[in-house]
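Engineer: Can you keep this structure in mind? I'll have questions shortly.
The values are calculated or read from the model by the stated rules, or taken from the named source; none is laboratory data. Predicted, not measured: the structure shown is a model, and the values here were computed from it. Cβ sites come from the backbone with ideal geometry, for glycine too, and all protein chains shown count toward neighbours.
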């Protein structure tokens, strides 16, 4: 499937070689290409055009010659030339052939890229999912696999993990690909650990994996992809060495991402926190575990394999350094916020 960016580029190239104004309008009435004041000048065009939504020949609307570009009888967009004569009809017909040829080159991977990036209307997603026998009723999650080396071998290894038909891979470039799959296991993190170990041991390539938390139908796969992208961006900033990032672990950090750096610096200064705490890996590791276990002392001590008293000693040490008591909810929130901000924005005091 051709995306709107490609349509715009092709239309721009065509416009340079013809004299009459060219417009391209999608099925929903949005202007894909053409002068921005088109709708102001041509009020009522779209209302009239609705009558011709299934038209497959050149037709006239007011001062326009129009042609609907369809794919397998699904209307995709309308080409309009602001001129009416026999020469313009021939030009419009030739333009339609260009776009039809582009559409005919559409394959499954192109479709998945467009669906992941949210560039397809739901009706087109449904159509192509059926065309390529992708289960529209299944719920999928998305993982981005990234490496500093070429990843072709990693793709082959991933495909071997799954049953045929339950996984789809999309190669974005030589060092990143996306996995779309339906997973019925209990723990995504354990699954990704296995996936990462297999790729690195069998493919001899080190990878990072970022995953969505949502499981969505194929029509909403762009939501899961957006989550995975966010997990990759923020996860690397906060825990680069971890190598596996799941979106649900970074929703709080995502909320803090994009704040004006001056506001961040002012906020940090007002807290008067001693930044030496952020150089103590043991204390930071303890804090992260404590937050992860919802401030539960017993669960945190169990996860860290330490005695409860040892945990309390470390939390007291954090209190002496920062003036903030991690066992108190409000102080814990403030500590968490400061920790995330200093990592996100590389603040070192």
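Engineer: If a residue has to be farther than 18 Å from residue 245 by Cβ, in contact with a helix residue (DSSP H, G or I) (Cβ under 9 Å, 6 or more places away or on another chain) and not in a helix (DSSP H, G or I) to count, how many in the range 160-184 make the cut?
Structural biologist: The number of residues fulfilling the criteria is 6.
Engineer: Here's another thing I want to ask about it. Evaluate the following for residue 258: is it without any contact (Cβ under 8 Å) to a residue 60 or more places away in the chain, more than 18 Å from residue 140 (Cα to Cα) and out of contact with any helix residue (DSSP H, G or I) (no Cβ under 9 Å at 6 or more places or on another chain)? Talk me through it step by step, then tell me what you get.
Structural biologist: Working: without any contact (Cβ under 8 Å) to a residue 60 or more places away in the chain: yes; more than 18 Å from residue 140 (Cα to Cα): yes; out of contact with any helix residue (DSSP H, G or I) (no Cβ under 9 Å at 6 or more places or on another chain): yes.
Judged against the criteria, residue 258 is a match.
Engineer: Residue 337 versus (1) at pLDDT 90 or above; (2) not in a helix (DSSP H, G or I): which is the lone unmet condition?
Structural biologist: For residue 337, the failing item is (2).
Engineer: Would it be correct to say that residue 331 is surrounded by 16 or more Cβ atoms within 10 Å (Cβ to Cβ), more than 17 Å from residue 239 (Cβ to Cβ) and without any contact (Cβ under 8 Å) to a residue 12 or more places away in the chain? Before the answer, list the steps.
Structural biologist: Numbers: surrounded by 16 or more Cβ atoms within 10 Å (Cβ to Cβ): yes; more than 17 Å from residue 239 (Cβ to Cβ): yes; without any contact (Cβ under 8 Å) to a residue 12 or more places away in the chain: yes.
When the stated conditions are applied, residue 331 passes them.
Engineer: Let me ask something additional. Taking the conditions exactly as written (part of a loop (DSSP other than H, G, I, E, B), surrounded by 15 or more Cβ atoms within 10 Å (Cβ to Cβ), without any contact (Cβ under 8 Å) to a residue 60 or more places away in the chain and on the phi > 0 side of the Ramachandran plot), does residue 324 satisfy them or not?
Structural biologist: No; evaluated as a whole, the condition is false for this residue.
Engineer: Next question, about the same structure. State which residue is modelled with the highest pLDDT when the search covers only the range 108-133 and only residues that are buried (at least 18 other Cβ atoms within 10 Å of the Cβ) and out of contact with any strand residue (DSSP E or B) (no Cβ under 7 Å at 6 or more places or on another chain).
Structural biologist: Among those that are buried (at least 18 other Cβ atoms within 10 Å of the Cβ) and out of contact with any strand residue (DSSP E or B) (no Cβ under 7 Å at 6 or more places or on another chain), it is 115.
Engineer: Okay, moving on. Tell me the residue from 271, 286 that is closer than 19 Å to residue 303 by Cβ and in the same structural domain as residue 304 (by TED's automatic domain parsing), please.
Structural biologist: After applying the criteria, what remains is 286.
Engineer: Taking residue 92 as the residue in question, decide whether it is in contact (Cβ under 8 Å) with a residue 24 or more places away in the chain and in a loop (DSSP other than H, G, I, E, B).
Structural biologist: no
Engineer: Oh, and also: Among the residues of the range 302-315, is any under 30 Å from the mean Cα position of the chain (by Cα) and part of a helix (DSSP H, G or I)?
Structural biologist: Of the range 302-315, the ones under 30 Å from the mean Cα position of the chain (by Cα) are none.
For the range 302-315, residues under 30 Å from the mean Cα position of the chain (by Cα) and part of a helix (DSSP H, G or I): absent.
Engineer: Considering the range 83-107 alone, what residues qualify as being modelled with pLDDT of 85 or more and out of contact with any helix residue (DSSP H, G or I) (no Cβ under 8 Å at 6 or more places or on another chain)?
Structural biologist: Listed by number, the residues that qualify are 85, 86, 87, 88, 89, 90, 91, 92, 93, 94, 96, 97.
Engineer: In the range 180-194, is there at least one residue being within 14 Å of the chain's Cα centre (by Cα) and either in contact (Cβ under 8 Å) with a residue 12 or more places away in the chain or within 25 Å of residue 150 (Cβ to Cβ) (or both)?
Structural biologist: The answer is yes, given that some residue of the range 180-194 is within 14 Å of the chain's Cα centre (by Cα) and either in contact (Cβ under 8 Å) with a residue 12 or more places away in the chain or within 25 Å of residue 150 (Cβ to Cβ) (or both).
Engineer: On the given criteria, is residue 230 over 30 Å from residue 122 (Cα atoms), touching a residue at least 24 places away in the same chain (Cβ under 8 Å) and assigned to a helix (DSSP H, G or I)?
Structural biologist: no
Engineer: Out of all the residues in the range 127-159, which are part of a helix (DSSP H, G or I) and either in contact (Cβ under 8 Å) with a residue 60 or more places away in the chain or outside the structural domain of residue 232 (by TED's automatic domain parsing) (or both)?
Structural biologist: Of the residues in the range 127-159, the ones part of a helix (DSSP H, G or I) are 127-131, 152-159.
Passing the criteria: 128, 129.
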